[in-house]
Amino acid sequence: MSFFRSVGTTLEMIKWEHSIFALPFALVGAMLAAHGLPTISQLLWIIACMVTARSAAMAFNRWADADLDAKNPRTAIRAIPAGLLTRRFTGGFTAVMAILFLFCAAQLNRLTLLLAPVVLVVLFLYSYTKRFTRWSHLVLGLSLGIAPAAAWIAVRGSLDPRILVLTLAVLFWVAGFDLLYACQDAEHDRAHGLFSIPSSYGIPVAFALARTMHLIMLGLLLWLVQLFHLGGFALAGIAIVAALLLYEHLIVSPRDLRRLNAAFFTMNGVIAVVFFVFVAADLLIRHL
């Protein structure tokens, strides 16, 4: 019972349900590669790769940041600093998820298996970047941005440079909302020698950069539509994404961060799903 309780606590700690952020973009990458629907086997293994990779990355992040989390009032209630989990158990969970990720990647094709360790390096590296660079937000963006390119490779067994436009779009999207989220810890990071844009340049600059990154994201999505000759459904999806991003930026400000959690979790989950639904509809209708 203690083991299963620890597993449940770990799943709660890593918020595995937030796989929704990157998974829709991975599925878009897979559908673009397949010109419609990939095989059921490919879809299942791609989803398994996404869940195991993210679980390994999040557990590793909590393991690596346990001492830092203990010093921050906002994160001191997390499982490891609160004494609900040991670092040993969390490290073991990370290793199991990483091995399962490699196994799942091996079920797709040779290139996915060869590149899977590189993916893990990027995912694990992020946890240390705020110790030496203020641009850790971009590394987090890359960690999620890998998803559509990886899914393309999973379907095709090769990489088409066009899908990297979606990788860049996800990178700037994630980096933008991570800039906003990091504003909560600006003073703490500055006091403890950690790096971020809000702690280095201030919260107003972070907000301005977040808006700029989200505008770049929208431009990249429009370019993606052109590259893959998508139609009205995809454009409608991008228009809704733009409206949701605008709303996200309207409900928070440098002087009022109270609704930041709503902006970070709820709105960005909706953005990912909306984009997938409209692009998927566009692809399926065009290839019937």
Filter region 245-264 down to residues that are buried (at least 17 other Cβ atoms within 10 Å of the Cβ) and farther than 16 Å from Pro198 by Cβ and give me whichever is modelled with the highest pLDDT. Leu245
Of these, Val277, Val205, which one is surrounded by fewer than 19 Cβ atoms within 10 Å (Cβ to Cβ), under 30 Å from Phe132 (Cα atoms) and modelled with pLDDT of 95 or more? Val205
Among (1) at pLDDT 95 or above; (2) buried (at least 16 other Cβ atoms within 10 Å of the Cβ); (3) under 26 Å from Leu209 (Cα atoms), where does Leu125 come up short? (2)
Considering only residues of region 154-168 that are touching a helix residue (DSSP H, G or I) at 6+ places or on another chain (Cβ under 6 Å) and touching a residue at least 60 places away in the same chain (Cβ under 8 Å), which is surrounded by the most Cβ atoms within 10 Å (Cβ to Cβ)? Leu166
With Ala239, Ala272 as the choices, which residue is under 23 Å from Leu284 (Cα atoms), of a type in the set (A, V, I, L, M, F, W, C) and surrounded by 14 or more Cβ atoms within 10 Å (Cβ to Cβ)? Ala272
So for region 5-12 (the condition being under 24 Å from Val270 (Cα atoms) and either at pLDDT below 95 or part of a helix (DSSP H, G or I) (or both)), does at least one residue qualify? yes
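Okay, residues lined up against (1) among the hydroxyl-bearing types (Ser, Thr, Tyr); (2) within 20 Å of the chain's Cα centre (by Cα); (3) under 24 Å from Leu283 (Cα atoms); (4) assigned to a helix (DSSP H, G or I):
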| residue | (1), (2), (3), (4) |
| --- | --- |
| Leu180 | no, yes, no, yes |
| Arg190 | no, no, no, yes |
| Gly193 | no, no, no, no |
| Ala210 | no, yes, no, yes |
Residue in region 132-164 that is nearest to Arg54 (Cα to Cα), counting only those that are assigned to a helix (DSSP H, G or I) and more than 19 Å from the chain's Cα centre (by Cα): Val155
Looking at (1) more than 25 Å from Leu68 (Cα to Cα); (2) in contact with a Pro (Cβ under 9 Å, 6 or more places away or on another chain), find the lone condition where Ala186 falls short. (1)
Test for Ala234: is it over 20 Å from Leu138 (Cα atoms) and either under 20 Å from the mean Cα position of the chain (by Cα) or surrounded by fewer than 15 Cβ atoms within 10 Å (Cβ to Cβ) (or both): no
Surrounded by 22 or more Cβ atoms within 10 Å (Cβ to Cβ), on the phi < 0 side of the Ramachandran plot and free of Cβ contacts under 8 Å to residues at least 40 places away in the same chain: is that true of Leu171 in this structure? yes
Condition test on Gly83, is it more than 16 Å from the chain's Cα centre (by Cα) and at positive phi? yes
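The values are calculated or read from the model by the stated rules, or taken from the named source; none is laboratory data. Just so you know, these numbers come straight off a predicted model, no measurement behind them. Here the Cβ is made from the backbone with ideal geometry for all residues, glycine too, and neighbour counts use every protein chain on show.
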